[in-house]
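The values are calculated or read from the model by the stated rules, or taken from the named source; none is laboratory data. Predicted, not measured: the structure shown is a model, and the values here were computed from it. No Cβ is skipped: glycine too gets one built from the backbone with ideal geometry, and neighbour counts run over all protein chains shown. Protein only, heavy atoms only, side chains kept; ligands, DNA and RNA dropped before computing areas. Shrake-Rupley method; radii C 1.70, N 1.55, O 1.52, S 1.80 Å.
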Amino acid sequence: MLAVFALQALLIAPLFTGEFTPYRGSIEAAYITDARFIVEHFPDLSWNPFWYLGFPFEWFYTPLLPALVAIVGKVIDDIPAAYRIVAAAGYALGPAALYVATRTVARSRVAAIFAALAFIFLPSVSYLLPGLQGDASAFSGAALPPPWRLVALVEYGEGPHVLSLSLALLALAAGARYIRQPSGARLLIAVISVVAVALTNLIGVLGAAVFLGLVPASERIGGRAEGRYARLFVIGTFAGLLSMGWYSLGFVRAVFGFSTPGSGDGGTAYIWLPVVLIATLAGVAWLDRRLPEGGALAVGWVAVFGAIVVARQFAGIALAPQPIRYALELDAAAAIAIGVAIAWALRKPALSERGRARAAASVALAAIVIAIGAGGWLTVRERLGPDVAWRDWSERRVALWLSDHLGPGERAYLTGDHAFWADVFADVPQVRGGVDFAFSNPWWAHVTYQVNNGTDADISKLWMSALPVRYIVVTGPASSEIYRDYADPRKFDGQLPLVFDARGVRIYEVARVGDPRLVIARISDLAAPTSAIDRTAISEYVNRVASGRAPGKLEPQGLGAWRAEVEVQAGEQVVLRQAYDTGWHATVDGRAAVVRADPIGQLVVDVPPGRHVVELDHGVHADFIAGLGVALITAIVWFAVAVRRRLSSHE
């Protein structure tokens, strides 16, 4: 296992160095930003005012990878370099974890070695799909490119998914050992492994469930069928209860409740996935005694992950969320199948009766596997190194410019990779961010769609005044922008003052309307906009804010806490120009007050006429605390039962 880890780490050695790769279309910016936020603002982590008009930080993502990056980054005083180390280590762990998983289910060291070698060197089976092979060849410059998961990590920034796959394979090994021969220690390891996957990546959760879910169908695992399924149920129950420490109802609702306006994704066919799983369980049970040990499980995993990926690629049917991303799990399953098949071939009587012939055949096969992939690895190695010119990136220059020019409470409007990378380099409050489901105010998505795609610059300017946005960053054809989200990059020419123009990036200034932090205005009688192009409603809202007043005194007391001295007239309300969320709490002169959303989703407090002191504070959600309570109680009860059993066994 250590040798396999060292071999893979050696092949990707450049990934452990530097701060950033040249691939700015990568989503790794979001995870680096999360880690930076943790390091620079701990323990004030309830509210993040920099993304999505402000959002509850507990919704940012699954926490394990950013937390690891934050810890390593704090130690070495370099967050981006820490991400490189953690992400590369997660990749290098993959073949070692696959070795352990294969050896466990196939009970063959030979199968495990060849599975790991296939996982490292052979081109991915997912390259049979249209598009993936061409993408990987363009990335590596080789006709036979290295595995797809390398492309997914380096070019697209799938660090959490790559790490979760490694952890899922370890969870498979731990779960299979417990199902085969249960014990308290094995159950603990299996549950911790599954929880680690759940805390690392959302896609990886289903991957781990499929890997483990098929294991009881194999009769060779041992014991009666009902016992095997019962043990799987125990693992799933404990892992589910402990995962509630992060997977609160609010987090789950946020993840599954978001859809991008204008995306046209349509419906899904998730309901068919259980049908595929049940059919595969039956197939594994039937094949188990007809194939070498572990072979039926490998075929089952290939069938399920292959169905998810192929159904989306060829029929446009989504059996699972973001189905193409399960190409990584498909490749792992195929590598296990290859290892089992080679080990079976080497056990043929013609070879097994002649030790030297078997050894020679093994060495020859290993050499062939390595030779097939060596060219791709040699070609791609120079592309894995860091970008030494990252300090001159447009994304960094724009982020630092905005940080220098934005006043307290003001925001910027960015899109594309400039939006993803801005908060890697500086605290830049903006309309959007890097994890689109993590919003509290839903208007951000509709506004983004209108600004990027709409032809009416006046509507966009009204929204910018309302939110409040001071600068709009527009990337044109000459910029380094990867995604080029603007349908018309010249939309604001002649409409707004141009204050920055360099390297194809233009920044336009929006006139300030009201205090960008907190205003006292009459907005309770306004109707909410019916859409992002409801000019009448948006104009009236902006007019009311413009005619409002700033507080007499306003003191920030943290990222999500404010103290304001206000003078309110009849019919007026206090509006904090950040997203409303149920985690906000308010007091007026020390007494609890009601907070709610205003017509465009910002926070409003009803305050009686006169002079008052209004205090606002954002705390973690009740459902998050409840989930932590469930996880803690589960851990305490489990520990107490284990101790009692241990004491009883010694009496």
Check the range 56-69 and report whether any residue there is in contact with a His (Cβ under 8 Å, 6 or more places away or on another chain) and in contact (Cβ under 8 Å) with a residue 24 or more places away in the chain.
-> yes
Applying the selection to the range 277-307, what residues are of a type in the set (Val, Ile, Thr), under 16 Å from residue 216 (Cα atoms) and in contact with a Leu (Cβ under 9 Å, 6 or more places away or on another chain)?
-> 280, 284, 299, 304
Inspect the range 171-182 for any residue being open to solvent by less than 40 Å² (accessible area, probe 1.4 Å), in contact with an Asp or Glu (Cβ under 8 Å, 6 or more places away or on another chain) and either assigned to a loop (DSSP other than H, G, I, E, B) or hydroxyl-bearing (Ser, Thr, Tyr) (or both) and give the result as yes or no.
-> no
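With 237, 260 as the choices, which residue is over 24 Å from residue 531 (Cβ atoms) and either more than 17 Å from the chain's Cα centre (by Cα) or modelled with pLDDT under 95 (or both)?
None of the other options fit; the residue is 237.
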Filter the range 141-154 down to the residues that are farther than 16 Å from residue 129 by Cβ and either modelled with pLDDT of 95 or more or not in a loop (DSSP other than H, G, I, E, B) (or both), then identify the one that is farthest from the chain's Cα centre (by Cα).
-> 150
Counting only residues that are open to solvent by less than 20 Å² (accessible area, probe 1.4 Å), assigned to a helix (DSSP H, G or I) and in contact with an Asp or Glu (Cβ under 9 Å, 6 or more places away or on another chain), the range 80-111 contains a total of 7
Output the number of the condition that residue 29 fails; it satisfies all remaining conditions of (1) open to solvent by less than 10 Å² (accessible area, probe 1.4 Å); (2) over 13 Å from residue 434 (Cβ atoms).
-> (2)
Residue check, residue 545 of a type in the set (A, V, I, L, M, F, W, C), touching a residue at least 12 places away in the same chain (Cβ under 8 Å) and more than 29 Å from residue 42 (Cβ to Cβ) | yes
If you take the residues in the range 182-206 that are over 12 Å from the mean Cα position of the chain (by Cα) and hydroxyl-bearing (Ser, Thr, Tyr), which one is farthest from residue 640 (Cα to Cα)?
-> 193
Inter-residue pairs, beta-carbon under 7 Å, first of a type outside the set (D, E, K, R) and in the range 304-318, second at pLDDT below 90 and open to solvent by 50 Å² or more (accessible area, probe 1.4 Å), 6+ apart = 311/317; 313/130; 318/268; 318/312
Output the residues belonging to the range 614-651 that are in contact with a strand residue (DSSP E or B) (Cβ under 8 Å, 6 or more places away or on another chain) and loosely packed, with under 15 Cβ neighbours inside 10 Å.
-> none
